[in-house]
Amino acid sequence: MTEANQPGTNKSGRRPAYEIVADALRVRILAGELTPGTRLPPDTELRAEFGVGQSTVREAIRTLASENLVHTTRGVTGGTFVATPDIGQLSANLEAGVTLLAAAEGVTVDQLMEVRQLTEVPAAGVAAYRHTDTHLEELRATIFDLSEGVGPEVYANNQEFHRILLRAADNPLLDLITVPVFRVIGSRFSRDVAPEGFWRCVDEDHRAILEAVERRDSMTAMTLMRRHLDHLGDVYKQMDLLRRPN
């Protein structure tokens, strides 16, 4: 491989050299050969290994950095290191991807809610026996006070109730996979007016689920979550029909 393969000079139709270098390093990272926190070999070693120049190596590193796979620090102890995964960042990236997919591919309410059924129902059961006292306190804090009407805090509390249950299941992958989906649903319908009685129904469902979790009754918690998501799905489909142009 030579510098002739760099971007802008490749006239043979072959892939740019920096992509090939980035691919090779990405494979090592994802295969666990280079673990989080590990320093990548210095530029001189990478240049020698791949037979490329400094600009190609730097472009490959920039590519990996844009994918949040590596980060570079300055100073005596600096260098390029394999990034440590951050759930918040991964969730935000996934949320953006799901949002674009939903818009481009016309993902339906049924499909979005199906994902929630497949994840949140078992998660509610697991949360019923894995939760801590802190989780219970956090869940109780999200319960609505509808006597003051429906405001922004109600929307936020609804979402937070589900997030806390996912966290109580003590599996970060559940939060990573599910939260972007119900955020997409929330953004799609947050500006719409919910049918009369909708939030009272949500409040009653949340209280019943919370009671089952407090009793560590996994089967009841799963049954109630399934029914709750069915309620939400039915209303979202009605709202979706009203949003469509005639």
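The values are calculated or read from the model by the stated rules, or taken from the named source; none is laboratory data. All values reported here derive from a predicted model rather than from experimental measurement. Every residue, glycine as well, gets a Cβ built from its backbone with ideal geometry; the counts of neighbours run over all protein chains shown. Heads up: the accessible areas ignore ligands, DNA and RNA and are worked out on the full protein's heavy atoms, side chains in. Shrake-Rupley method; radii C 1.70, N 1.55, O 1.52, S 1.80 Å.
A few remarks follow.
- Of everything in region 77-91 that is within 19 Å of the chain's Cα centre (by Cα) and free of Cβ contacts under 8 Å to residues at least 24 places away in the same chain, the residue that is least open to solvent (accessible area, probe 1.4 Å) is 88.
- Boolean, residue 178 is part of a helix (DSSP H, G or I), at pLDDT 85 or above, over 24 Å from the mean Cα position of the chain (by Cα) and β-branched (Val, Ile, Thr): no
- Considering region 138-153, and only residues there that are surrounded by 19 or more Cβ atoms within 10 Å (Cβ to Cβ) and under 26 Å from residue 118 (Cβ atoms), the residue that is modelled with the highest pLDDT turns out to be 139.
- The requirement of being more than 24 Å from residue 89 (Cβ to Cβ) and open to solvent by 60 Å² or more (accessible area, probe 1.4 Å) is fulfilled somewhere in region 59-76, by at least one residue.
- Qualifying positions in region 17-50 - open to solvent by 60 Å² or more (accessible area, probe 1.4 Å) and among the polar types (S, T, N, Q): 35, 44
- Note on region 70-104: residues that are in contact with a Ser or Thr (Cβ under 9 Å, 6 or more places away or on another chain) and within 14 Å of residue 34 (Cβ to Cβ) total 6.
- Residues of region 191-246 that are among the basic types (Lys, Arg), over 21 Å from residue 108 (Cβ atoms) and either modelled with pLDDT under 95 or assigned to a helix (DSSP H, G or I) (or both): 200, 207.
- Among the residues of this structure, residue 95 counts as one that is within 15 Å of the chain's Cα centre (by Cα) and at pLDDT below 90.
- Candidate set from region 42-76 (those that are more than 21 Å from the chain's Cα centre (by Cα) and among the charged types (D, E, K, R)); member that is nearest to residue 17 (Cα to Cα): 59
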